[in-house]
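One structure is given below, represented as structure tokens, and several questions about it will come after.
The values are calculated or read from the model by the stated rules, or taken from the named source; none is laboratory data. Bear in mind the structure is a predicted one, so any value in this text is a computation, not a measurement. Please note: Cβ atoms are built from the backbone with ideal geometry, for glycine as well, and neighbour counts cover all protein chains shown.
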């Protein structure tokens with residue numbers, strides 16, 4: 001089974017690439033830009049008019065939105081055991097966690113990085129940005145509390161939720177005023193464990209090298 005993945009460095013597409021590696025699927029990377037000052041290709045915009053990544057293509061089909069793609073791939077490849085079954089008790093928590101990452105944590109990042117999307121005037125962008133920094137701390141604390149003493153985000157079983165968690169932790173930049181991962185010990189513990197997986201070592205090789213050099 002073959003896929004194409006519209007991909008850009010330091011974007012949410014890396015999390016989907018890790019999932020593709022975990023399920024052992026054949027895939028082709030289609031590099032695109034996420035630079036807001038550069039144009040998107042017509043092919044990219046035809047699949048996602050927002051011009052964002054990831055975009056997953058298979059057969060004659062395509063979809064965007066990272067959390068949706070993650071659920072789709074997990075359910076299409078149940079042999080990889082990256083998600084609870086539809087009737088499993090943990091299924092609700094799996095979906096809740098993925099969509100909280102997508103709707104709450106990622107939105108908090110956007111408030112900081114793209115305050116113009118949330119402010120009426122340039123003068124109010126700093127206020128939106130400050131709220132984003134506070135919201136990042138609030139949302140990560142919710143996740144840290146949810147994890148508690150669990151081995152993984154859902155309990156004793158590794159899942160795509162842990163991959164998503166790791167992906168988002170790589171975006172944290174205390175130099176911008178964002179919280180440090182060390183502020184959330186349960187999150188940090190899981191992120192450290194996810195980073196040891198061969199799929200993550202491959203996809204995040206550059207990022208991991210930067211952390212080591214730093």
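Filter the stretch 83-95 for residues that are surrounded by 14 or more Cβ atoms within 10 Å (Cβ to Cβ), out of contact with any helix residue (DSSP H, G or I) (no Cβ under 7 Å at 6 or more places or on another chain) and part of a loop (DSSP other than H, G, I, E, B) and give the result.
90
What about residue 57, is it touching a strand residue (DSSP E or B) at 6+ places or on another chain (Cβ under 7 Å), in contact (Cβ under 8 Å) with a residue 40 or more places away in the chain and in a loop (DSSP other than H, G, I, E, B)?
When the stated conditions are applied, residue 57 does not pass them.
Check off (1) at pLDDT below 95; (2) in a loop (DSSP other than H, G, I, E, B) for residue 212 and give me the number that stays unchecked.
Of the numbered conditions (1) at pLDDT below 95; (2) in a loop (DSSP other than H, G, I, E, B), the odd one out for residue 212 is (2).
Restricted to the stretch 175-188, and to residues that are touching a helix residue (DSSP H, G or I) at 6+ places or on another chain (Cβ under 9 Å) and without any contact (Cβ under 8 Å) to a residue 40 or more places away in the chain, which residue is nearest to residue 150 (Cα to Cα)?
Among them, the one singled out is 188.
Identify all residues within the stretch 11-48 that are surrounded by 13 or more Cβ atoms within 10 Å (Cβ to Cβ) and not in a helix (DSSP H, G or I); write none if there are none.
11, 12, 25, 27, 29, 30, 32, 33, 34, 40, 41, 48 - these are the residues of the stretch 11-48 that are surrounded by 13 or more Cβ atoms within 10 Å (Cβ to Cβ) and not in a helix (DSSP H, G or I).
What's the number of the condition residue 172 fails, among (1) touching a helix residue (DSSP H, G or I) at 6+ places or on another chain (Cβ under 6 Å); (2) under 23 Å from residue 200 (Cβ atoms); (3) part of a helix (DSSP H, G or I)?
Looking at each condition in turn, residue 172 falls short on (3).
Would you say residue 104 is outside the structural domain of residue 11 (by TED's automatic domain parsing) and outside any helix (DSSP H, G or I)?
It is false that residue 104 is outside the structural domain of residue 11 (by TED's automatic domain parsing) and outside any helix (DSSP H, G or I).
Consider residue 98 carefully, then state whether it is outside any strand (DSSP E or B) and at pLDDT 95 or above.
Judged against the criteria, residue 98 is a match.
Which pairs do you get when a residue that is more than 18 Å from residue 74 (Cα to Cα), found in the stretch 146-163, comes within reach of a residue that is at pLDDT 95 or above and assigned to a loop (DSSP other than H, G, I, E, B), reach meaning Cβ atoms under 7 angstrom, with the pair 6+ apart or on two chains?
147/153
Is there a residue in the stretch 133-156 that is touching a helix residue (DSSP H, G or I) at 6+ places or on another chain (Cβ under 7 Å), over 28 Å from residue 196 (Cβ atoms) and part of a helix (DSSP H, G or I)?
Checking the stretch 133-156: at least one residue is touching a helix residue (DSSP H, G or I) at 6+ places or on another chain (Cβ under 7 Å), over 28 Å from residue 196 (Cβ atoms) and part of a helix (DSSP H, G or I).
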